[in-house]
Amino acid sequence: MASQMPQELLFSNQSRFSPPNATSCDNALDAWDFLHRVLPTIIIAIFIVGLLGNSFVLSVFLLPCRRRLSVAETYLVNLAASDLLFVLGLPFWAENIWNKFNWPFGPALCRVVNGVIKANLFVSIFLVVAISHDRFTVLVHPMASRRHRRRRRAQATCVLIWVTGGLLSTPTFLLRSVQMVPELNISACILMLPHKGWHMARMVELNVLGFLLPLAAILFFNYHILAALRGQGQEEVGRSRCGGPKGRKSTVLILTLVASFLVCWTPYHFFAFLECLWQVQVLRGCFWEEFMDLGLQVSNFFAFSNSCLNPVIYVFVGQLFRTKLWELYQQCTPSSLMSMASSRQKEILQVS
């Protein structure tokens with residue numbers, strides 16, 4: 001078992017970084033060998049799909065011939081940007097795994113890559129909260145939404161979310177470093193926590209601020225969204241509260257995005273919580289060690305997959321997104337631009 005690869009990957013911030021007990025904790029060798037063979041391929045596949053998909057979504061929302069972004073679109077653009085930044089860090093970790101966890105990129109990229117990934121962990125869930133709140137306001141309090149729902153307020157909210165995510169990831173930027181691991185004869189990119197008390201602080205930051213409190217808000221908002229949809233009926237909600245069928249389609253898209261986010265991220269936060277309990281020695285024994293370590297690695301890639309699932313949801317669930325894509329195509333093709341220029345010229349001649 002001493003030849004087993006270290007168990008710290010992207011999201012696992014454990015400072016414990018040594019091979020498991022060679023005599024007792026050797027029941028999962030086959031599982032580890034399998035994971036070490038397939039993880040890099042999965043990471044690269046997620047990177048390619050996430051890069052192309054999120055770039056496509058951003059191009060549709062941000063091309064110059066489109067009108068200004070709506071409030072909902074502002075949040076969705078920031079979510080796509082967060083997913084795009086997230087997947088840009090994945091090739092570094094694929095190479096790290098292929099290199100037997102010997103980090104080849106130096107201490108600066110060790111901090112930057114992990115810091116950006118950690119920041120986007122918080123940014124993503126805070127944006128999902130903001131998106132859920134926006135739909136809640138439109139459906140449950142439509143009169144208030146007309147007074148308070150403004151583009152600039154949405155933009156300011158997004159700026160605040162990015163700043164908060166950056167601040168919460170500061171320990172990762174500061175404490176990640178490349179350290180020699182003599183037992184494995186490698187130099188690994190790991191998080192060196194200065195004191196055991198930091199494990200409890202990390203648990204509060206990651207599991208409470210980064211998941212449980214946002215989860216409570218998300219469930220509250222979406223419970224009332226679904227209640228409004230059921231209570232009013234599809235046609236009445238579409239006509240009086242959502243501003244027509246487009247509002248209903250937007251709500252379905254956002255509910256799907258929220259459900260996908262929770263399904264992909266809940267397993268990771270569960271195993272991250274178990275890891276914190278292990279660090280403070282609440283959990284002991286080989287069963288919990290192997291269950292936690294293997295679970296973290298598998299759940300990491302459920303979390304990764306969310307970044308490439310979102311663009312797929314936009315295309316296949318977001319009928320409104322497909323409609324806007326078609327409108328964008330019609331507006332931005334050379335023939336349509338020439339037609340617009342010709343009609344504009346006729347208007348000028350008529351005025352003259």
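None of the figures in this text is laboratory data; all of them are computed from the coordinates on show. The structure presented is a predicted model; accordingly, all values stated were derived computationally and were not measured. No Cβ is skipped: glycine too gets one built from the backbone with ideal geometry, and neighbour counts run over all protein chains shown.
Highest mean packing comes first when the peptides 114-125, 157-168 are listed by Cβ atoms within 10 Å, giving 114-125, 157-168.
Estimated at 0.36 nm per residue, the fully extended path between F56 and L212 surpasses their Cα-Cα distance by 53.0 nm. For the range 67-91, the residues whose amide N sits under 19 Å from a probe point set 7 Å from the Cα of L160 along the beta carbon direction are 71-79. Using the Cβ-Cβ distance between T41 and H141 with R0 set to 56 Å, the FRET efficiency from 1/(1 + (r/R0)^6) comes to roughly 0.75. With the simple model of a label 7 Å out from the Cα in the direction of the Cβ, H133 to S177 spans 3.8 nm. Taking 0.36 nm per residue of separation and subtracting the Cα-Cα distance, full extension of the segment from K196 to L63 would add 43.0 nm. On full extension, the segment bounded by N102 and F291 gains 65.6 nm, given 0.36 nm per residue less the C-alpha separation.
In sequence order, the range 203-208 has phi-based couplings of 4, 5, 5, 6, 7, 8 Hz under the Karplus curve 6.51 cos²θ - 1.76 cosθ + 1.60, θ = phi - 60°, and Gly or Pro positions carry x. Each of L277 and V252 was given a label point 7 Å from its Cα along the Cα-to-Cβ line. The distance between the two points is 4.0 nm.
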